[in-house]
1. Pairs please, first residue from the range 188-203 and among the polar types (S, T, N, Q), second anywhere and exposed (fewer than 13 other Cβ atoms within 10 Å of the Cβ), Cβ atoms under 9 Å, 6+ apart in sequence or on different chains.
2. What's the number of the only condition in (1) under 26 Å from the mean Cα position of the chain (by Cα); (2) in a helix (DSSP H, G or I); (3) modelled with pLDDT under 90 that G71 fails to meet?
3. Listed residues T82, T59; which is surrounded by 15 or more Cβ atoms within 10 Å (Cβ to Cβ) and under 21 Å from the mean Cα position of the chain (by Cα)?
4. Scan the range 145-174 for residues that are within 23 Å of the chain's Cα centre (by Cα), among the small types (G, A, S) and not in a helix (DSSP H, G or I) and report the count.
5. State all residues of the range 241-257 that are surrounded by 17 or more Cβ atoms within 10 Å (Cβ to Cβ) and either closer than 15 Å to R143 by Cα or without any contact (Cβ under 8 Å) to a residue 60 or more places away in the chain (or both); if no residue qualifies, say none.
6. Among the residues in the range 243-254, are any over 19 Å from the mean Cα position of the chain (by Cα), modelled with pLDDT of 90 or more, in a loop (DSSP other than H, G, I, E, B) and of a type in the set (A, V, I, L, M)?
7. Within the range 175-193, take every residue that is assigned to a loop (DSSP other than H, G, I, E, B) and out of contact with any Phe, Trp or Tyr (no Cβ under 8 Å at 6 or more places or on another chain) and give me the one that is nearest to I152 (Cα to Cα).
8. Go through (1) surrounded by 17 or more Cβ atoms within 10 Å (Cβ to Cβ); (2) assigned to a helix (DSSP H, G or I); (3) among the hydrophobic types (A, V, I, L, M, F, W, C); (4) more than 19 Å from the chain's Cα centre (by Cα) one by one and return the number of the condition V238 breaks.
Amino acid sequence: MDSLPVPLSPVPEVIERLKSLVLDSVNSPESKRAYGRGLEHFLTWYQTDQPTTGFTKATVQQYRAHLLESGLSSSTVNLYMTAIRRLAVEAADNGLLAPELASGIGRVKGIRREGVRIGNWLTARQAEKLVNAPDIGTLKGKRDRALLAVMIGCGLRREETACLSLEHIQQREARWIIVDMIGKGRRVRSVPMPSWSKAAIELWTAAAGFTSGRVFRPVNKGGRLCGESMTAQSVFEVVRKYAAEAGFEGIRPHDLRRTFARLAHKDHAAIEQIQISLGHQSLQTSQKYIGVQQDLTDAPCDHLGLRLSSAGSGIAAHLG
């Protein structure tokens, strides 16, 4: 192919080719969707503004300024910028963009995130309300309650929930375990399952009439199975639907994962065990999910067990 002209080629075939190169470079379906949104946003802006500088570092800096003015979150801006940098790299690798232009675009940074975005949590009462929100008098309601019970009870990501199979659920040491689950970064872990999550799954699968394969499957409006597996996006929609109906606006699938971590920690589960269940490489990441805040009514210094002597000596001398 000829080198990508400046300005960016308006030929639809070239644009689609570039988008395909970027999306083919990532494995996760969620990443493909996210990068796809970023590329569509950039291309729409490019075609509307028609910058005279073409597809160059200056243009990408101009687009970055546009994103900031739009009031988008730092995470969204950084995601869109990552998609554009990938676009430049793939275009250069395939002879569609001069390497020096791609290098310049690659040096355009995202924006610094101030603080840590830690999301939302549900209280134990709210989590129970959400799990019991579906109408289990219907097949879809049985499925949706089981889905929510697994996400809150095991702390799974939505992609992991969509891919969960009955073969993954096995008994170990007299309890139910999700064994050898492949999670983010292809890391393999096993996750203990509470009895109430297992009971919800059994009610659903018995009503649906299957004993192997994917646990969560599409149900049509007639209340019948209509496929072998759900997508991660379908899992997202289930969570959003019941959260809204329960009055928990803004709750998303990852918030159920955070809720699992926080409720477990509040009931004295060891943080190292929470980390293993979540599949985090870093303990600090798990701590962010838990969202531990300073408790001034029960502070660490209240548990030291030290006292000043009444005579002003002894231990007082050591404490200064």
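The values are calculated or read from the model by the stated rules, or taken from the named source; none is laboratory data. Fair warning: this is a prediction, and the values are worked out from it, not measured in the lab. Note: ideal-geometry Cβ built from the backbone for every residue, glycine included; neighbour counts use all protein chains shown.
1. These pairs meet every condition: S190/R172; S190/D180; S195/R175.
2. (2)
3. On the way: T59 fails: under 21 Å from the mean Cα position of the chain (by Cα).
Result of the check over T82, T59: T82.
4. Of the residues in the range 145-174, 2 are within 23 Å of the chain's Cα centre (by Cα), among the small types (G, A, S) and not in a helix (DSSP H, G or I).
5. Once the filter is applied, which keeps residues that are surrounded by 17 or more Cβ atoms within 10 Å (Cβ to Cβ) and either closer than 15 Å to R143 by Cα or without any contact (Cβ under 8 Å) to a residue 60 or more places away in the chain (or both), the range 241-257 yields only Y242.
6. Yes: one or more hits.
7. Kept after step one, since they are assigned to a loop (DSSP other than H, G, I, E, B), are these residues of the range 175-193: 183, 187, 193.
When the remaining residues are screened for being out of contact with any Phe, Trp or Tyr (no Cβ under 8 Å at 6 or more places or on another chain), the result is 183, 187.
Details: G183: 16, R187: 20 Å.
Once the filter is applied, the top-ranked residue is G183.
8. It is condition (4) that V238 fails.
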